[in-house]
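The values are calculated or read from the model by the stated rules, or taken from the named source; none is laboratory data. Quantities reported herein were computed from a predicted structural model and do not represent experimental measurements. Here the Cβ positions follow ideal geometry from the backbone for every residue, glycine too, while neighbour counts run over all protein chains shown.
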Amino acid sequence: MRKKLVAGNWKMNTSFSEAQKLASEVANMVKDEALLDGTDVVICVPFPYLSTAAALVADSPVKVGAQNCSDKPKGAYTGETSTAMLASMEIPYVIIGHSERREYFNEDNQLLAAKTDIALENGLTPIFCCGESLETREAGNHFDFVCQQLTESLFHLSAEQLGKIVIAYEPIWAIGTGKTASAAQAQEMHEQLRAHLAGKYGAEIADAIPILYGGSVKPGNAKEIFAGKDVDGGLVGGASLDSRGFTDIVKAI
Ligand code: PEP
């Protein structure tokens, strides 16, 4: 059975005290491991709060992730954070290739391939984001575009390495806009992505990779979206800033 996962992406939000409150509340609300039935719950917090958040959720099943990482191992890269640093803090997850990183920081598929490599080398689980713009969807090129993102960033990996990745399909037009892909649109893309992975790595490997949906997931739509047979959870932005709402999304799975 594939792993299910709900990850919150706090982005560049919360003061330190708000972050402490939010992490503690999520940990308290998600404390019953048995109820999660194998679903991983992750909060991807801003870099300065990583170790505090990790300590606050330590007695719960909640795990902590970073929102980005450097593609370089170490050295004179002012302001960057390496995956070796994250590993040394026992941070298990890192988001790679969020559309905001692609758009505002010019991260391309080649750079994201390098980030994925170094995250895996250091034992982190990459939550690798992909997704098309509205323009691409309206032109009818969305399947090819997103498959190409996977090809260029992931298809150099061995099957064993690929098996350690979580993919998040996040249509850009649905991120932070309140516009969600319909459950059918999400399922359709996830199925295409899984078939694309199967074409390169075989069905057994492709079937084991969790593919999350992200884009305006809320307590009110999570259940319907997560019902898709190839939808293995969600990457949640805005709604993860409210502990009750985020927990309700976790329960929807
Ligand atoms: C995200 O940032 O990954 C995201 C999906 O945001 P939102 O849920 O706010 O659309």
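Against the numbered list (1) out of contact with any His (no Cβ under 7 Å at 6 or more places or on another chain); (2) in contact (Cβ under 8 Å) with a residue 24 or more places away in the chain, residue 88 comes up short only at (2). For the stretch 77-87, a tally of residues being part of a helix (DSSP H, G or I) and either small (Gly, Ala, Ser) or surrounded by fewer than 17 Cβ atoms within 10 Å (Cβ to Cβ) (or both) returns 2. When you check residue 184 against the structure, is it within 13 Å of the ligand (Cβ to nearest atom) and part of a helix (DSSP H, G or I), yes or no? Judged against the criteria, residue 184 is not a match. Total residues in the stretch 96-127 satisfying the condition of being surrounded by fewer than 24 Cβ atoms within 10 Å (Cβ to Cβ) and part of a strand (DSSP E or B): the figure is 1.
Yes or no: residue 90 among the acidic types (Asp, Glu), on the phi > 0 side of the Ramachandran plot and either within 15 Å of the ligand (Cβ to nearest atom) or surrounded by fewer than 18 Cβ atoms within 10 Å (Cβ to Cβ) (or both)? The answer is yes for residue 90. Of the numbered criteria (1) within 16 Å of the ligand (Cβ to nearest atom); (2) under 22 Å from residue 23 (Cβ atoms), the one residue 146 fails is (2). When restricted to residues that are part of a loop (DSSP other than H, G, I, E, B), free of Cβ contacts under 8 Å to residues at least 40 places away in the same chain and more than 22 Å from residue 119 (Cβ to Cβ), the stretch 16-57 contains 4. Only one of the numbered conditions (1) touching a residue at least 24 places away in the same chain (Cβ under 8 Å); (2) away from the ligand (no atom under 16 Å from the Cβ); (3) of a type in the set (D, E, K, R); (4) over 16 Å from residue 186 (Cα atoms) is violated by residue 244, and that is (2). Listed by position, the helices (runs of 4 or more DSSP H) contained in the stretch 193-253 that have at least 1 residues being within 28 Å of residue 153 (Cα to Cα) and modelled with pLDDT of 95 or more are 203-208, 219-226.
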